[in-house]
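Here is the structure we will look at.
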Amino acid sequence: MKPIYRASLIRILWIVMILGTAALVISAVESTNDSRVQAVNIQIEPILNGNFLINEGDVQNVIKNAFDSDLIGLKVSEIDMERLELELEAEPFVLDAETYINANEEINISLNQREPILRIIDKNGLDYYLDKSGVKMNPSKHYTARVVVVTGDLPAYTDDYLQREDHIMSDLFKLVNTIIKDELLKPLVEQIHVSGKEFTFAPKIGDHKIRLGGVKDLEDKIERLKIFYKEGMSRTGWQRYKELDLRYKGQVIGRK
């Protein structure tokens, strides 16, 4: 075969291969677009100690309310996966959501829950949690988190409180984060009462209260309290004082 004919034949073969491949791709895409959702698999990562603030039934309800369907049987091409993630992340107990469709036409949903760090029960009867990011969460019907309870004079929650200077809610959030990161205070502090701009602790051990005052010089106040517990309480006992006052610089005042 002459070289010119051989080159032409090779070009023709390449064109046929390219057209054949394109046809297969188009056929696969059309097949995918016509395929329907076979199942919705939901995986929820537990929070501390394996607990759940939200369960699979709650997630299914979110999907049904948002799409008027449980998604099973719908065309894969009709499912807006980005919208699905946004709908799930709008739920107060959901920190983030990831979704994808596998080769078996199954929608897989993976959720991380928000983790509460404090519970607020204010004088107006409002009852809610704040999570690690400071976001408001209503109580869950599935699980009551064992966290610090805060009562007293608290303003209404606003989304921007952490960015506002001299805001009691911002001070409270800072205080609770300090407590839960401290090995001594975390198991000790059960309740915090807010009065004006001042905080008072109710510890789990003993029959006394701890007057912190404001969060100015917080680290120094906490360190004084820890030293007093380790050195003073070990000699006098937990029942000696009715109040420990940390509001005065360099002192821990014990009142009987």
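The values are calculated or read from the model by the stated rules, or taken from the named source; none is laboratory data. Since this is a predicted model, take the numbers as computed values, not measurements. Glycine gets a Cβ as well: all are built from the backbone with ideal geometry, and neighbour counts include every protein chain shown.
For the residues ILE222, ILE227, the requirement of being among the hydrophobic types (A, V, I, L, M, F, W, C), over 20 Å from THR151 (Cα atoms), over 33 Å from the mean Cα position of the chain (by Cα) and at pLDDT 80 or above singles out ILE227. For segment 188-219, taking the residues that are surrounded by fewer than 13 Cβ atoms within 10 Å (Cβ to Cβ) and touching a residue at least 12 places away in the same chain (Cβ under 8 Å), the one that is farthest from SER133 (Cα to Cα) is identified as ASP207.
Kindly evaluate ASN112 against the criterion of being at pLDDT 95 or above and within 30 Å of LYS174 (Cα to Cα).
For ASN112, the condition - at pLDDT 95 or above and within 30 Å of LYS174 (Cα to Cα) - is met.
Whether a residue is among the hydrophobic types (A, V, I, L, M, F, W, C) and assigned by TED's automatic domain parsing to the domain that holds ILE192 was assessed, and ILE107 does not pass this test. Being part of a loop (DSSP other than H, G, I, E, B) and polar (S, T, N, Q): is that true of SER77 here? So SER77 fails the test. Could you identify the single residue in GLU105, GLU82, GLU91 that is crowded, with 17+ Cβ neighbours inside 10 Å and either among the acidic types (Asp, Glu) or within 29 Å of ASP153 (Cα to Cα) (or both)? Going through GLU105, GLU82, GLU91 in turn, the sole match is GLU91.
Residues are listed down the side, and each one gets a yes or a no for (1) under 19 Å from ARG114 (Cα atoms); (2) modelled with pLDDT of 95 or more; (3) aliphatic (A, V, I, L, M):
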| site | (1), (2), (3) |
| --- | --- |
| ALA23 | no, no, yes |
| VAL29 | no, no, yes |
| GLU45 | yes, yes, no |
| ASP68 | no, no, no |
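Taking first residues from segment 131-158 that are modelled with pLDDT under 90 and partners that are polar (S, T, N, Q), the Cβ contacts under 6 Å between residues at least 6 apart in sequence or on separate chains come to ASP153/SER195.
Of the residues that sit in segment 138-171 and are of a type in the set (A, V, I, L, M) and surrounded by 19 or more Cβ atoms within 10 Å (Cβ to Cβ), which one is farthest from the chain's Cα centre (by Cα)? Applying the filter and picking the extreme gives ILE168.
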